[in-house]
1. How would B:SER30, B:SER159 line up from fewest to most surrounding beta-carbon atoms within 10 angstrom?
2. Charges at C-beta only: +1 for Lys and Arg, -1 for Asp and Glu. How large is the resulting dipole of the protein assembly as shown about its Cα centre, in Debye rounded to 20?
3. Which entries of A:LYS64/A:LYS86; A:LYS108/A:LYS180; A:LYS64/B:LYS276; A:LYS190/A:LYS238; A:LYS40/B:LYS350 have Cα-Cα distances beyond 29 Å here?
4. Pop a pseudo-label 7 angstrom from the Cα along the beta-carbon direction at both A:TRP13 and B:GLU273 and give the gap in nm to one decimal.
5. Quick one: what are the phi-derived ³J(HN,Hα) couplings along region B:24-34, Karplus 6.51/-1.76/1.60 with θ = phi - 60°, whole Hz, x for glycine and proline?
6. Among B:ASN198, B:ALA169, B:SER30, whose Cα sits farthest toward the positive end of the charge dipole of region B:28-342 (+1 at Cβ of Lys/Arg, -1 at Cβ of Asp/Glu, about the Cα centre)?
7. Express in whole angstrom the spacing between the alpha-carbon centres of region A:37-58 and region B:208-261.
8. For region A:199-247 and region B:30-55, what is the separation of their C-alpha centers, rounded to whole Å?
Amino acid sequence: MIDRRKFLKKAVWFIPAVGVFRRLSKEAQAKPIAGGYDPKNHLYGMGIDIDKCIGCGRCMEACKTENNVPKEPFFYRTWVERYTIKKDGEVDVETIDPRHEKPLARTKETEVLRSFFVPKLCNQCEHPPCVQVCPVGATFSTEDGVVLVDSNRCIGCRYCIQACPYGARYLHPETETADKCTFCYHRIVKGLLPACVEVCPTQARIFGDLKSMASRLVRFKRINRLHVLKAHLNTEPKVEYANLDGEVR
Amino acid sequence: MNTELAEKLTDLSREVTGFIYPNEVEIHWSILVVVYPYVTGLVAGAFILASLVQVFNVKEVQPTYRLALLTALAFLIIAPLPLLLHLGHPFRSYEIFLTPQLGSAMAMFGFVYLWYLMAVLLLELWFEYRKDLVVWSREAAFPLDWVYRVLSFFSTDISPRAVAFDHKAIKIITLIGIPSAFLLHGYVGFIFGSVKANPWWSSVLMPLVFLMSAIVSGIALVILLYMVIAPLRGEGVNMRCLDRITSFLFYAVIVDFTLEGLDFLHRLYESEESIKILSRLATDKLFISLWVIQIFLGMIVPLGILVAAKSLKVNEELRRLLYFASVILIQVGIFATRWNVVIGGQLFSKSLRGLTVYKMELFGLEGVLMQASRIAARVACLHQGDVDGMRQLGEVTVRVAVDADQARERVPDVAEKGTGRFGLGELGVVHLSRSQLALHNDSRSPRQGDS
């Protein structure tokens, strides 16, 4: 026979215990990613062939559509820069307007030494400064080599935006949390290509899995001489460029 | 999207010179983040002045001891406010305390702040005021006596032995407090100094420069408050005390000036790839705030005034006036220092090819007010929107799952088809033929010019 005192004592413990168990069981039921995807078996990267990019801006459009990026030209997960190096050594850089509403500056043809387009996106660094500085661990590296932001955890302090050497991050004006390229993580875990790669008409962007010998990226890395952006900062980007010009920063 | 923000950014983008990355138009750390290091600097500086009395036995400075401690406490309490107001999600700020990411300099905030507040300032103030609180609780009338009694934690012992113990405790706390004060402001400097992406911030000297400028601003503030408050309380200003503190101030300014000069020389001499854009930054965008306010008005002029006040045999009245002028100039100068670090570090592109602008809205009034109203609005709708946010507490949400779900919702046919070619029509892809491509290329790319 249980007396009232004992009963109350047990009840005091019972209530929080139920809460903990409910939470734990909810955690245990967290859905695994479809198709038995195991991040351990993958390591993603991207190759970009500068010589193939025609600056059409389809990638920028596709990315904004796919990832709910605000349409204003101050928020990009990926963008394309046009470099114009003049004969007098002056370098002009412009960001492409994907809708081509704002025409690019024209330089007199005889003054141009060389010109090219450079697609930019998050470099998914091996040593990401953004992950290092996040005070609450909202931005993190996944096992398959992608840097993600947990928008339910991000407090919007913007330290990661300051720490990114590539300007790849912005504060999403609707969620007020940091946002950036995820290699379209929701697509690649299903075996699909990132939106920007999918739509590129010249295949300037090569996406692939470095742990799969059949991947196009491995072949791309074998046949090209590659560079990364701002190598001196030792961030070890997983986005590598072929035919990159020394003027690009 | 917020059209106001879009308009603001459009205006700002017109004033960009050279090339900046498209995401860099928005200045992310605004005036509120300028205020934070300024305020913590005052805290650290005021405490270090107070510690002069306790640890280094500088008896002349005694009249400012309590004032310095209280100044430090007052500013420490408001120090997190500007940061809180600046967060995109102020209601998640507790995450910094509960689940800090220990590799982040910013996450140290929780530890350093709480340590400094609880273990140093409040404790030292309590021991300092304990005897008085006991005495007041005996003398005061009804409601106040209980306030004093509670504040003294119901201690009653004011025997010489107990008071001697208080003094000993204060001494030990101050000994711990000095490195803590260094930590409090040194870590703020480290937050900036460790950002390798930003050549204006990234410097090993940054924590030291922050620390010295903190001492300068803290001492200057206590002098200012002392000169205003002492007459108001009917006490005369103690000139011996004032002369002594201003000497300390003088030396602190010299050290600060030297460190900043060293930093400047070092950058100039090493002349790394960022030097061109940084010199354009310093001579163009920051000319007034760096050269005129921070260096000339904030350092050289007050140093001159202090030298004049001390070396020329001027009378007390004039000396007070000179001291007063110099501490005000120093305050303005240190505020400009914080401005030049925080705002200056965001006015140039990390592509090192262009400069942008920062516009404080209506001298900060609108900006600050808007932030405050935003917080109020959040509190009001705590029952709706942010309850969801609160529910996240302790709930580990893997972004992967969220993303996958969102994608499924957005393109329901995607999940079903699951092929590699979905969504192309939706993304508005135009398959260009080769001739179209050539045409496209021709009209867009000046590269055609070389052939």
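Every read-out reported here was derived from the displayed coordinates using simple, explicitly stated rules and does not represent laboratory data. The structure displayed is predicted, hence computed values, not measured ones. Please note: Cβ atoms are built from the backbone with ideal geometry, for glycine as well, and neighbour counts cover all protein chains shown.
1. B:SER159, B:SER30
2. In debye, rounded to 20, the protein assembly as shown gives about 1360.
3. Among A:LYS64/A:LYS86; A:LYS108/A:LYS180; A:LYS64/B:LYS276; A:LYS190/A:LYS238; A:LYS40/B:LYS350, the Cα-Cα distance tops 29 Å for A:LYS64/A:LYS86; A:LYS108/A:LYS180; A:LYS64/B:LYS276; A:LYS40/B:LYS350.
4. 6.3 nm
5. Per-residue couplings from phi come out as 8, 4, 6, 7, 8, 9, 9, 4, 5, 7, 6 Hz.
6. After comparing all options, I get B:ALA169.
7. If we compute the Cα centre of each part, the gap is 58 Å.
8. Between the Cα centre of region A:199-247 and that of region B:30-55, the gap is 48 Å.
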